[in-house]
Amino acid sequence: MFFTQNPEDNLAINDRQKELLEEEVDETEEQFYYATQWQLMWWNFRKHRLAVGCGILILFMYLMVLVPEFIAPYEPSTRNRRYANAPPQRVRLVSDQGFHFRPFVYDLTQEIDPETLQRNYVLDKSTIKPIRFFVRGVDYKLWGLIPSNIHLFGVDDGMLFLFGTDRLGRDMFTRVIYAARISMSIGLIGVFLSFVLGLTLGGISGYLGGRVDNIIQRIMEIIRSFPQIPLWMALSAAIPPHWSPVRTYFAITVILSVIGWTNLARQVRSKIISLKNEDFVVAAQLSGTSETRIVTRHLIPSFMSHIIAVITLAIPTMILAETSLSFLGIGLRPPVVSWGVLLQQSQNLYALTQAPWLMIPGLFVVVYVLAFSFLGDGLRDAADPYGGMKR
Amino acid sequence: MPEMPDNVILSVKNLKKHFPIRKGFLRRSSGAVKAVNGVDFFIPSGETLGLVGESGCGKTTLGRVIVRALEPTAGQILFRTSQGVIDLAGLGKSELKNVRSHIQMIFQDPYSSLNQRMTILDIISEPLINFGHTRKECEERVSELLDMVGLNPRYMQRYPHSFSGGQRQRIGIARALALNPSLVVADEPVSALDVSVQAQVLNLLMDLQKQMQLTYLFISHDLSVVRYICDRVAVMYVGYIVEMAGTDQLYSKPRHPYTSTLLSAVPEASPHIPWNYSVLSGEVADPAADRQGCAFAPRCQYASDICSQEIPSLHDVSLPGEDGHYVACHFADKIELEGVS
């Protein structure tokens, strides 16, 4: 038998070990010992360079759509008949006269090809239009409150089309920025709604178990087994066409989240089921902790980090859903501009062959979705800072 | 009010815990796993009862039913509090909360038993807060408890990830003792620890028992640990207690064939002593099966007809000079078994 029957012998080890426990530790370790879960997560996340970069990019994009009136040089619905389907103007630094310190663009003039009768734009090299920052332009009211007419950039006279114009001569850059506001917020609001639904129903399902769990699970399976696009089509066909654009916008968000919550609910449910049987939850029960306190102090903090990562990964799905709905012409409709609505315009042979700049909104969708996916990946890796610590 | 001898703090009578097996789409119940299937034992106040048995024999389930983390299927759990004897098996949620402070548990896994997102102070003071102590009282009590379990009270603002397995187990012990319980169910408290740390934690448990007049139900599969710390030992096999006796008596003169085989499986820590272990044939009995006789009968070399027809009851077989040797075997008086020195 291993242990000596004389307790004194074993106590000797005990005292020596106690001294070791008392030993001082250096400061960085000390910091680690007092670190909360969120600090540990941040330290883990920081190591994930790509995710941090994407996080910054996303932050930047959201700052941009917070003030689209300021960022965009024009208004999204202003038509410029002289510049229909104009290509993007290249920003230049070198002209015939040499190097310019201020970037500039050349003006465009329309010419009709005498043989094909096709309209072409040619550069008018005599007009150098320097790009200025914080120029005065179209009047607007920021958030409907602050009247202003300062725009981030623009040219003094004439037009500046960084991304070209559409069929009606509307500035694509302006439209992409305004569309970003709709598309990017629909993702957030949609995910928020499905988060509320998923957390409540998934939480109830996992915590109560039994028959309630069974019913909620079956409902979710039924929702998930519908083919998505026909279901969206049916639901959005039910939106009355006379509704205002804002109402339609919210209706679309609700439709997206009614389908999107099931995935989140599953994640919450499985987390709760596994946590419910963890020893620390049993210990809390045994010390007389009330159920509300167990849920709020033990369960929710334990899976919150994981859920945030899942939500981050769910946002691009929402955006893609909105984009495809609008692309199919059953989501948002003009005059509301979203990336999907803009892409719908490029749905023809002309855009493909003659005006490829009309597909720039697609590029934004790709960048945005990718950035969120990388950010979500990083968050997911950091979400469980205790994973590698065991033993 | 139920009756129980004065020196006994916990007395379990015919306790059963069956887990239903549900099958098919409608989840109809088809049979049950009888994890604990009619267990009787008692613990005198201030003693340590060891509960040993192989994996899956129902030790942990029994422990969890006693602390009422699980609902018992049948039977009585009589427990002595200052107000008198109560039957834990029949208590509802609100009554149970009042008893919680008297019975606490120490868990096997020092990693999953502490919430990683709470500081040590929050973890240990949670039971105190539940029983209406103020923040300030908690802090004083926690520093006292940390001192008692051999940790520096300066560490109370740290998180569990800064502690080793042994230290975490000390924190778990401090939490269990926060409310001054009289009975502590220790579910394999040292089996997840290094051998060198095991000794420290065992000594700590023994010191605390003296200081606080604790009674332990010590669940373990490690026979050497049990021998070191326990006053009496109960051996479990597939949901039943097959033998219960004072530690020395049980180790030197086992009366149940299963106990004898279990003891022989422990190797001597010396290369010079030949290891005469006996190997059982067959498999461990299925806890879901309906049985008529002794669960050990199919593997027992002494078994005869009666063993597969009648379940032996746990009865007192003490010889003169022994006290309280209980065995559940039809042939306890007739067979000679070997123990360990």
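The values are calculated or read from the model by the stated rules, or taken from the named source; none is laboratory data. Given the structure is predicted, the values throughout are model-derived calculations rather than measurements. Positions of Cβ are backbone-derived with ideal geometry, glycine not excepted, and every protein chain shown enters the neighbour counts. To get the accessible areas, we keep the full protein, side chains included, count just its heavy atoms, and leave off ligands, DNA and RNA. Shrake-Rupley method; radii C 1.70, N 1.55, O 1.52, S 1.80 Å.
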### Query
With B:Arg28, B:Arg64, B:Arg68 as the choices, which residue is free of Cβ contacts under 8 Å to residues at least 40 places away in the same chain and within 24 Å of B:Gln108 (Cα to Cα)?
B:Arg68
### Task
Answer yes or no: is there a residue in the stretch B:177-185 that is of a type in the set (Val, Ile, Thr) and without any contact (Cβ under 8 Å) to a residue 60 or more places away in the chain.
no
### Task
For the stretch A:197-219, state whether one or more residues are in the same structural domain as A:Val341 (by TED's automatic domain parsing), more than 19 Å from A:Thr262 (Cα to Cα) and open to solvent by less than 50 Å² (accessible area, probe 1.4 Å).
no
### Query
Which residues, counting only those in the stretch B:108-128, are over 18 Å from A:Ser305 (Cβ atoms), in a loop (DSSP other than H, G, I, E, B), facing chain A (nearest Cβ under 8 Å) and open to solvent by less than 10 Å² (accessible area, probe 1.4 Å)?
B:Ser113
### Query
Quick one: how many residues across the stretch B:227-243 are out of contact with any His (no Cβ under 8 Å at 6 or more places or on another chain) and either more than 14 Å from every other protein chain (Cβ to nearest Cβ) or within 17 Å of B:Phe41 (Cα to Cα) (or both)?
11
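Got a number for residues in the stretch A:292-336 being in contact (Cβ under 8 Å) with a residue 24 or more places away in the chain, farther than 19 Å from A:Val268 by Cα and open to solvent by less than 50 Å² (accessible area, probe 1.4 Å)?
Residues meeting the conditions: 11.
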### Query
Hey, any hits in the stretch A:97-111 for a residue that's in contact (Cβ under 8 Å) with a residue 24 or more places away in the chain, in a strand (DSSP E or B) and open to solvent by 60 Å² or more (accessible area, probe 1.4 Å)?
yes
### Task
Return the total of residues in the stretch B:27-82 being among the basic types (Lys, Arg) and within 14 Å of chain A (Cβ to nearest Cβ).
4
### Restricting the stretch B:153-199 to residues that are open to solvent by less than 20 Å² (accessible area, probe 1.4 Å) and of a type in the set (Lys, Arg), the residue that is farthest from B:Tyr228 (Cα to Cα)
B:Arg158
#### Entry: Close pairs (9 angstrom Cβ cut-off, 6 or more residues apart or separate chains): without any contact (Cβ under 8 Å) to a residue 60 or more places away in the chain and under 14 Å from B:Asp222 (Cα atoms) in the stretch B:261-277, open to solvent by 90 Å² or more (accessible area, probe 1.4 Å) and aromatic (Phe, Trp, Tyr) anywhere
B:Ala265/B:Tyr277; B:Pro267/B:Trp275; B:Pro267/B:Tyr277; B:Glu268/B:Trp275
### Task
Scan the stretch B:129-145 for residues that are crowded, with 17+ Cβ neighbours inside 10 Å and either in contact (Cβ under 8 Å) with a residue 40 or more places away in the chain or within 11 Å of another protein chain (Cβ to nearest Cβ) (or both) and jot them down.
B:Ile129, B:Asn130
### Task
Name every residue in the stretch B:195-240 that is polar (S, T, N, Q) and more than 28 Å from B:Glu268 (Cβ to Cβ), in order of residue number.
B:Gln209, B:Gln211, B:Gln213, B:Thr215
### Message
Name the residue that is modelled with the lowest pLDDT, counting only residues in the stretch A:377-391 that are open to solvent by 50 Å² or more (accessible area, probe 1.4 Å) and under 12 Å from A:Trp43 (Cα atoms).
### Response
A:Asp384
### Query
How about the stretch B:292-330: which of its residues are of a type in the set (Asp, Glu) and within 26 Å of the chain's Cα centre (by Cα)?
B:Asp316, B:Glu322, B:Asp323
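Yes/no matrix, rows are residues, columns are (1) open to solvent by 80 Å² or more (accessible area, probe 1.4 Å); (2) more than 29 Å from A:Ala382 (Cα to Cα):
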position	(1), (2)
A:Asn44	no, no
A:Ala51	no, no
A:Met64	no, no
A:Ile71	no, yes
A:Asn80	no, yes
A:Tyr83	no, yes
A:Arg90	yes, yes
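Of everything in the stretch A:27-48, what is under 12 Å from A:Leu375 (Cβ atoms) and part of a helix (DSSP H, G or I)? Give them in sequence order.
Of everything in the stretch A:27-48, just one residue is under 12 Å from A:Leu375 (Cβ atoms) and part of a helix (DSSP H, G or I), namely A:Phe45.
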### Query
Of everything in the stretch B:189-203 that's within 11 Å of chain A (Cβ to nearest Cβ) and outside any helix (DSSP H, G or I), which residue is nearest to B:Ile66 (Cα to Cα)?
B:Val190
#### Entry: Residue, surrounded by the most Cβ atoms within 10 Å (Cβ to Cβ), within the stretch B:83-98, restricted to residues that are among the hydrophobic types (A, V, I, L, M, F, W, C) and within 14 Å of chain A (Cβ to nearest Cβ)
B:Leu88
### Task
Would you check if there is a residue in the stretch B:204-222 being at pLDDT 90 or above, facing another protein chain (nearest Cβ under 10 Å) and open to solvent by less than 30 Å² (accessible area, probe 1.4 Å)?
yes
### Task
Give the residue that is nearest to B:Asp40 (Cα to Cα), with candidates limited to residues of the stretch B:1-18 that are open to solvent by 70 Å² or more (accessible area, probe 1.4 Å) and free of Cβ contacts under 8 Å to residues at least 60 places away in the same chain.
B:Pro5
### Message
Of the conditions (1) under 24 Å from A:Asn277 (Cα atoms); (2) assigned to a strand (DSSP E or B); (3) not charged (D, E, K, R), B:Val99 satisfies every one except a single condition; which number is it?
### Response
(2)
### Task
Please work out which one of (1) under 26 Å from the mean Cα position of the chain (by Cα); (2) more than 10 Å from chain A (Cβ to nearest Cβ) is the condition B:Ser101 fails and give its number.
(2)
### Filtered residues of the stretch B:305-323 (kept if surrounded by 12 or more Cβ atoms within 10 Å (Cβ to Cβ), of a type in the set (D, E, K, R) and touching a residue at least 40 places away in the same chain (Cβ under 8 Å))
B:Glu322
### Task
Within the stretch A:69-95, count every residue that is part of a loop (DSSP other than H, G, I, E, B), β-branched (Val, Ile, Thr) and in contact with a Leu (Cβ under 8 Å, 6 or more places away or on another chain).
1
## Note on the structure
Counting only residues in the stretch B:261-284 that are in a loop (DSSP other than H, G, I, E, B) and within 14 Å of chain A (Cβ to nearest Cβ), the one nearest to B:Cys300 (Cα to Cα) is identified as B:Ala265
### Task
Looking only at the stretch A:170-188, decide whether some residue is over 25 Å from A:Ser346 (Cβ atoms), surrounded by 15 or more Cβ atoms within 10 Å (Cβ to Cβ) and out of contact with any strand residue (DSSP E or B) (no Cβ under 9 Å at 6 or more places or on another chain).
yes
### Task
Scan the stretch B:254-275 for residues that are in contact with an Asp or Glu (Cβ under 8 Å, 6 or more places away or on another chain) and either more than 30 Å from B:Lys17 (Cα to Cα) or open to solvent by 10 Å² or more (accessible area, probe 1.4 Å) (or both) and report the count.
5
